[in-house]
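Every number here is computed from the coordinates shown, using simple stated rules; none is lab data. All values derive from a computational prediction rather than experimental measurement. Reconstructed Cβ throughout: ideal geometry from the backbone, glycine too, with neighbour counts over all protein chains shown.
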Amino acid sequence: MKLPNLDLIEYKAENVLRNHDEFTEKLKKAREKYPYRAIDLVLHSFPQMWGSAALGFDRIGGQAMTEAYTTVVHERVTNIYIIFFGEKPCYSLVDPTKEFFEDLKNLRIAGIREAIERYQKEEKE
């Protein structure tokens, strides 16, 4: 199993964030109070076993058990998380649920389909 290139993942995460509307809005608010606030990334990387070669992307893949690194990138100023499977970004989370943190603690992050249901906080009406 190939180790992830964390420099490349950090670069890709910054690009994802620059195109993320909520990130831009939250960073702008943070800079009103602290004008020189910079992007603050923390990366957590660990191996994870998947039931197919599609990893957590929920695409059609081979039926072989596949082990790949999962990398969770946390932008601490805005509390946005970007989930990478292998070296590809899969999805992002803004202020995720406690289930996400439980799964992160257990080193078992959900694929995109399950994550939509488990990790997104419901909007209050």
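Highest mobility in the GNM of the chain, judged by mean-square fluctuation with C-alpha springs under 10 Å and restricted to Tyr11, Tyr69, Tyr91, is found for Tyr11.
Dipole size of the stretch 10-49 about its Cα centre, with +1 on Lys/Arg Cβ and -1 on Asp/Glu Cβ: approximately 180 debye, rounded to the nearest 20. Here is the link list: Lys2/Lys105; Lys28/Lys121; Lys33/Lys105. Which ones come out longer than 25 Å on Cα distance? Over 25 Å Cα-Cα: Lys33/Lys105. Loop-located trypsin sites (Lys or Arg not before Pro) in the stretch 1-41 (DSSP state not H, G, I, E or B) with no more than 13 neighbouring Cβ atoms inside 10 Å: Lys2. Which net charge results for the neighbourhood of Glu10, defined as the other residues with beta-carbon distances under 12 angstrom from its beta-carbon, given Lys and Arg at +1 and Asp and Glu at -1? That sum, taken over residues with Cβ under 12 Å, equals -4.
I want to verify a result. In a Gaussian network model of the chain, Cα cutoff 10 Å, which of these has the top mean-square fluctuation: Glu32, Glu75, Glu67? Sorting by GNM fluctuation, first place goes to Glu32. Considering only Gly86, His74, Leu107, and ranking their Cα positions along the charge dipole of the chain that arises from unit charges at the beta-carbon of Lys, Arg, Asp and Glu, the one farthest toward the positive end is His74. Quick one: net charge of Tyr69's neighbours, Cβ under 9 Å, K/R +1, D/E -1? Net local charge, Tyr69 excluded: -1.
With a Förster radius of 30 Å, plug the Cβ-Cβ distance of Met49 and Lys29 into 1/(1 + (r/R0)^6) and report the FRET value to the nearest 0.05. The pair Met49/Lys29 has a calculated efficiency of 0.15.
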